[in-house]
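Each reported figure results from applying straightforward, stated rules to the coordinates on display, with no laboratory input. Computed from a predicted model, the values in this text were never measured in an experiment. Every residue, glycine as well, gets a Cβ built from its backbone with ideal geometry; the counts of neighbours run over all protein chains shown.
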Amino acid sequence: MLPQRNVRGYIAQMATHSALYRAPFGPGGASEIDTTLAERLLSVALGRGADYADLFFEYRAAGGLVFDDGILKSASRGVSMGLGVRAQQGDATGYAYTEKLDWDAMKRAAETAASIATGGGASLPVKVNVGRTLPSRYELDKVTLDVPGMEKRRILERAAAAAHAHDKLVVKVECSFAEEIREILVVTSDGKLARDVQPLMRFGVRVIAERDGKRQDGSSGGGGRTTLGYFDGRSPEWHAVKAAEQAILMLDAQEAPAGQMEVVLAPGDSGILLHEAVGHGLEADFNRKGTSNYANQIGQLVASECCTVVDDATLLQSRGSINVDDEGNEPRSSVLIENGKLVGYMHDRLSANHYKLGPSGNGRRESFASAPMPRMTNTILLAGPHDAEEILKTVKRGIFAKRFGGGQVDISNGDFVFSLTESYLVEDGKITAPLKGVNLIGNGPDVLRKVAMLGNDVETSDGVWTCGKDGQSVPVGVGCPTIKISSITVGGTKI
């Protein structure tokens, strides 16, 4: 954290020409990587008999602001850069990385990776092709890192002022803004070369309301691979009022009932339950190893016949969208479950080879220091035929789950526990009292089988989710329509 007296001067320096946020390994850069150099490095990585190798160059510039109690508490800025080298011989993988892009350091990384993935064959010459054209799902005229820091600070100030002005019960407001630009270059021994520049921003507001010594909080936020034009649709004030309304509403929340109940999930962010309880089980590495509940279930009915689940990296400017994955493959919209039947998994190169398929473009990694693995992008349960109000009217007594907090999932069997940060009692088809202390307890595949109705109002999340797996975090999106689940265990506190 910077001393407060230095913050104003620091953020004034945050208006910088975008050339500073371009990778030095790019064309004309100080450490430019051309095809000749890449081919030499790949030959080293293949030098001990590996049958495949790739290079992953990454440059990341990131920053953040936190505004709390009327004060800019912190302003951060960081840069990282490096190369990861992977060599594969069958299922054996060697991986090494370096933060230096001089020849000696890169060669040592390639030799280290090669020494782990050894085979009996000789290294073959590598020829890299440079003629690929990738999609453009988030080409921006001006990334947020190019915007002066004072302008971003004013966005946070506007949100804080709006939250306090909304109601005198608001006693504390914290606003944050996080941003980055990530440039990658992937070169593979089978001839692929791909370069991508990936912007990302996220805004958030957290509000605490107090009455008679009782406190509750509320939050709102969003973003994606977009510019500050994001706020033209959902202003800082809009998010601030949403967060304040939630906090104030929760001051009147009742203790939650417990037991088996009908549950209706709100559209959009409720897709995080699908992501965690079902999506991870559809990542092909778990299935290749036989540790997923969905292993060996291709072609089997694994959900209600009204359910179709896709992983779609092609959505424009969505948080989970990518033009190319971290193995150099172009991602697509992959159907995972179709009309209740399991039809596919999300693959990286290794799992695709195992299943004798082409990669689905789901090979992702946190950084150059990490090997890729199958990961979700934007995972969505597609819309059904019902109107949301029609769905609610069918519920005699149940729970309406609007906002999700944290959760835990066992990938091997799909068992989960999720907490709700905003939920309501449904009585005789109408939303009545707000509830607190609500947990949903169940099994992902079992819950999908109990989907009784699907709304026609599918929404995608507003750019807030980050997914963790094996110590690596990547940005993702989720989505779903209004969903009625015929029965799920509600863990409440009401006696």
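Quick look at the values:
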| quantity | calculated |
| --- | --- |
| Distance violations [Cα-Cα > 27 Å] among LYS436/LYS469; LYS341/LYS484; LYS289/LYS341; LYS172/LYS402; LYS289/LYS356; LYS73/LYS402 | LYS436/LYS469; LYS73/LYS402 |
| Burial order of peptide ranges 289-296, 112-119, 46-53 (average beta-carbon count within 10 Å, highest first) | 46-53, 112-119, 289-296 |
| Nearby lysines by direct alpha-carbon distance to LYS192 (threshold 18 angstrom, same-chain neighbours under 8 apart not counted) | LYS127 |
| Cβ-based exposure ranking for ASP217, ASP470, ASP141, ASP312, in which fewest neighbours within 10 Å come first | ASP141, ASP470, ASP217, ASP312 |
| Relative contact order (%) - criterion: Cα under 8 Å, at least six apart; region: the chain | 15 percent |
| Correct choice for Rg and Dmax of the Cα atoms in Å that was computed from the model, options [x] 24.2, 76; [y] 22.7, 73; [z] 21.7, 68 | [x] |
| Extension gain (nm, one decimal) between GLU389 and SER473, 0.36 nm per residue minus Cα-Cα | 26.6 nm |
| Percent RCO, i.e. relative contact order, over segment 299-402, from Cα pairs under 8 Å lying at least 6 residues apart | 29 percent |
| Size of charge dipole - the chain - debye, nearest 20, with Cβ of Lys, Arg +1 and Asp, Glu -1, no other charges | 580 debye |
| Per-pair calculated FRET efficiency, R0 = 30 Å: LYS168 and GLN408 via Cβ, rounded to 0.05 | 0.20 |
| Spin-label pair LEU316/GLN300, simplified geometry with 7 Å Cα→Cβ offset, distance in nm | 4.1 nm |
| Sequence of SER318, SER473, SER487, SER370 once ranked by neighbouring C-beta atoms within 10 Å, starting from the fewest | SER473, SER487, SER370, SER318 |
| Aspartates and glutamates whose Cα lies under 12 Å from that of LYS152, excluding same-chain neighbours fewer than 8 positions away | GLU179 |
| Estimated inter-spin distance, LYS127 and ALA161, nm [label 7 Å along Cα→Cβ] | 6.4 nm |
